[in-house]
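The values are calculated or read from the model by the stated rules, or taken from the named source; none is laboratory data. None of the values given here were measured: they were computed from a predicted structure. Glycine also receives a Cβ, built like all others from the backbone with ideal geometry; neighbour counts cover every protein chain displayed.
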Amino acid sequence: MVHDGCYTIIDWDWVKLAPPERDFWWYIQFPEQIAEINASFKREGFDYVMDTDLISYYAFYSYIYFLTEYIDCLLFNPASRPEIIQRFKEHFDENNFYRKNLYNAICLTRL
C-alpha cells in the first residue's frame, strides 16, 4: 500500500507486489473483520477500502493453489503420500476452511 508517497509492506509469505486482499482473503468468513480492517486503514490514514471481488478472487486462488500443492506432493514426494492423501480428502470436506471460504466468496461476488 502507498501512504504519503511511501510503500507499506503487508505481505509476509514472499516478496510480491499485490493488493491487501491477497493477504486478507481468509477473512472472507468474517464480514465484520473486513469492516474492521477497513476502519483500521482509515484510522491509520490509508485511503483504501477492501474490494470483496478481489477477496473472493484470492479465496478461489488459494483453494486451487493448495489443491495443486497436494497433487504435486502426491506425484513428487512418495514418502508423504499417506499424509497428503488425508489432507487432499479433507480439502473437499464441507467443513474445510478453504471450502467454506469458497462458499462465502461466491456469496460476496458481484458477478
Looking at this structure, is residue 55 within 15 Å of residue 19 (Cβ to Cβ), surrounded by 15 or more Cβ atoms within 10 Å (Cβ to Cβ) and out of contact with any Ser or Thr (no Cβ under 6 Å at 6 or more places or on another chain)? yes
Can you give me the ranges of the helices (runs of 4 or more DSSP H) entirely in the stretch 21-111 with at least 3 residues that are touching a residue at least 24 places away in the same chain (Cβ under 8 Å) and of a type in the set (S, T, N, Q)? 52-76
Within the stretch 19-70, considering residues that are closer than 15 Å to residue 98 by Cβ and of a type in the set (A, V, I, L, M), the one nearest to the chain's Cα centre (by Cα): 59
Examine the stretch 58-75 for a residue that is of a type in the set (Val, Ile, Thr) and surrounded by 14 or more Cβ atoms within 10 Å (Cβ to Cβ), and state whether such a residue exists. no
What is the one condition in (1) touching a strand residue (DSSP E or B) at 6+ places or on another chain (Cβ under 8 Å); (2) modelled with pLDDT of 85 or more; (3) of a type in the set (Ser, Thr, Tyr) that residue 8 does not satisfy? (2)
